[in-house]
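The values are calculated or read from the model by the stated rules, or taken from the named source; none is laboratory data. Bear in mind the structure is a predicted one, so any value in this text is a computation, not a measurement. Cβ coordinates were reconstructed from backbone atoms using ideal geometry, including for glycine residues, and neighbour counts include every protein chain displayed.
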Amino acid sequence: MQTKTPRRGTIRLTRRGRIALIATGAVAAATAVAVPLMLPDDDARPESLTIPEGWRSGQVYAAVDQALKVPAGSTKKALPKAGLKLPSDAGGNPEGYLFPATYPISSQSTPASVLSYMVNTATKKFGGSQVTAGADRNAVNVYQTVTIASMIEAEAGSKADMGKVARVIYNRLDQGMPLQMDSTVNYALNRSTLATTDRDTKINSPYNTYARMGLPPTPIGNPGEAAMRAATSPTRGDWLYFVTVKPGDTRFTSSFETHRKNVAEFNKHAKS
């Protein structure tokens, strides 16, 4: 397969990672699940903290710091003593398990308690029979499924495209092809951009899915339920390539020649 794939400088194989809307501490509009953090006898009206789908852990930590009015960096520093109930594969890294939801917080909330509720919520969402059965069908474990969902969240142009993006990932894994996802490279570089260069794709990082085979070692963000559904039940198809030619027009194909034409059209729109 690789001998027929031109250098990345000529053709981009996957949709570039979307620019994340980084608004530290902002209450973003997102599909969310209310998770109570208050004690039953707490009569104070809580403030709301919304964690959007796809946010990275660093964004979540900053938002919690601001919502709780604690010094910057406090939430990240609380990790070692937070006692988070993460899967062993995570190695203590909560990336992927800070579940996107709207969390009411009170004066009794602490960085550790907020993180714990996020992780506990993710564990409940990801520990159901539907997720575990889907992981088994796709020959991956639950942690790997969360990792795949995080890439879907970053790469898909819309929720309608998520199942197809998932299928591209699984097809590439099955055929021994590198995933070549810009979103994983951007994660390694701690940025969100559309301008991934050929030089970027040569960085020495386990998250460089251009240079390394298989999945990245951890999730690259915190996926929501739609991305998890796509990761467990990908749309059927033989697609290996996709590109967003223009907003609302993402094209999937198994034909390299067709993909080249789609990329040419993408480049035409990008220059106009």
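Does Y210 qualify as being aromatic (F, W, Y) and in contact with a Leu (Cβ under 8 Å, 6 or more places away or on another chain)? Quick ask: steps written out before the conclusion?
On the way: aromatic (F, W, Y): yes; in contact with a Leu (Cβ under 8 Å, 6 or more places away or on another chain): no.
In short, no.
Within the range 123-137, track down each residue that is buried (at least 19 other Cβ atoms within 10 Å of the Cβ) and of a type in the set (A, V, I, L, M).
Listed by number, the residues that qualify are V131, A135.
Taking the range 156-201 only, how many residues are farther than 20 Å from Y241 by Cα, loosely packed, with under 14 Cβ neighbours inside 10 Å and at pLDDT 95 or above?
Counting residues in the range 156-201 that are farther than 20 Å from Y241 by Cα, loosely packed, with under 14 Cβ neighbours inside 10 Å and at pLDDT 95 or above gives 0.
Quick check, is V140 part of a loop (DSSP other than H, G, I, E, B), crowded, with 18+ Cβ neighbours inside 10 Å and out of contact with any Phe, Trp or Tyr (no Cβ under 8 Å at 6 or more places or on another chain)?
yes
S205: assigned to a helix (DSSP H, G or I) and either within 26 Å of T232 (Cβ to Cβ) or more than 13 Å from the chain's Cα centre (by Cα) (or both), yes or no?
Numbers: assigned to a helix (DSSP H, G or I): no; either within 26 Å of T232 (Cβ to Cβ) or more than 13 Å from the chain's Cα centre (by Cα) (or both): yes.
So S205 does not fit the description; no.
Just one of (1) among the hydroxyl-bearing types (S, T, Y); (2) under 23 Å from G83 (Cβ atoms); (3) not in a helix (DSSP H, G or I) trips up T193, so point out which.
Here T193 meets the rest and fails (2).
For every residue, the table says whether it meets (1) out of contact with any helix residue (DSSP H, G or I) (no Cβ under 7 Å at 6 or more places or on another chain); (2) in a helix (DSSP H, G or I); (3) among the aliphatic types (A, V, I, L, M).
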{"position": "M228", "(1), (2), (3)": "no, yes, yes"}
{"position": "A231", "(1), (2), (3)": "no, yes, yes"}
{"position": "P234", "(1), (2), (3)": "no, no, no"}
{"position": "D238", "(1), (2), (3)": "no, no, no"}
{"position": "V243", "(1), (2), (3)": "no, no, yes"}
{"position": "T258", "(1), (2), (3)": "yes, yes, no"}
{"position": "K261", "(1), (2), (3)": "yes, yes, no"}
{"position": "A264", "(1), (2), (3)": "yes, yes, yes"}
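Cβ-Cβ under 9 Å, sequence separation 6+ or interchain: first residue in the range 116-145 and free of Cβ contacts under 8 Å to residues at least 40 places away in the same chain, partner charged (D, E, K, R) and surrounded by 18 or more Cβ atoms within 10 Å (Cβ to Cβ). Which pairs?
Nothing qualifies.
Find the residue count for the range 219-272, including only residues that are modelled with pLDDT of 90 or more, of a type in the set (V, I, T) and under 21 Å from the mean Cα position of the chain (by Cα).
Summing the residues that are modelled with pLDDT of 90 or more, of a type in the set (V, I, T) and under 21 Å from the mean Cα position of the chain (by Cα) in the range 219-272 gives 4.
Step by step: first the residues of the range 43-88, then only those that are among the basic types (K, R) and closer than 20 Å to Y187 by Cβ, then the one that is nearest to the chain's Cα centre (by Cα). Which residue is that?
Within the range 43-88, the subset among the basic types (K, R) is 45, 56, 69, 76-77, 81, 85.
Add one more test, that the residue is closer than 20 Å to Y187 by Cβ, and what stays is 56, 76.
Values: R56: 8, K76: 19 Å.
Applying the filter and picking the extreme gives R56.
Within the range 97-108, can one find any residue that is assigned to a loop (DSSP other than H, G, I, E, B), crowded, with 20+ Cβ neighbours inside 10 Å and among the aliphatic types (A, V, I, L, M)?
Within the range 97-108, the subset assigned to a loop (DSSP other than H, G, I, E, B) is 97-101, 106-108.
Next, from what is left, pick out any that are crowded, with 20+ Cβ neighbours inside 10 Å: 97-101.
Imposing the further condition that a residue be among the aliphatic types (A, V, I, L, M) reduces the set to 98, 101.
Yes, the range 97-108 has at least one match.
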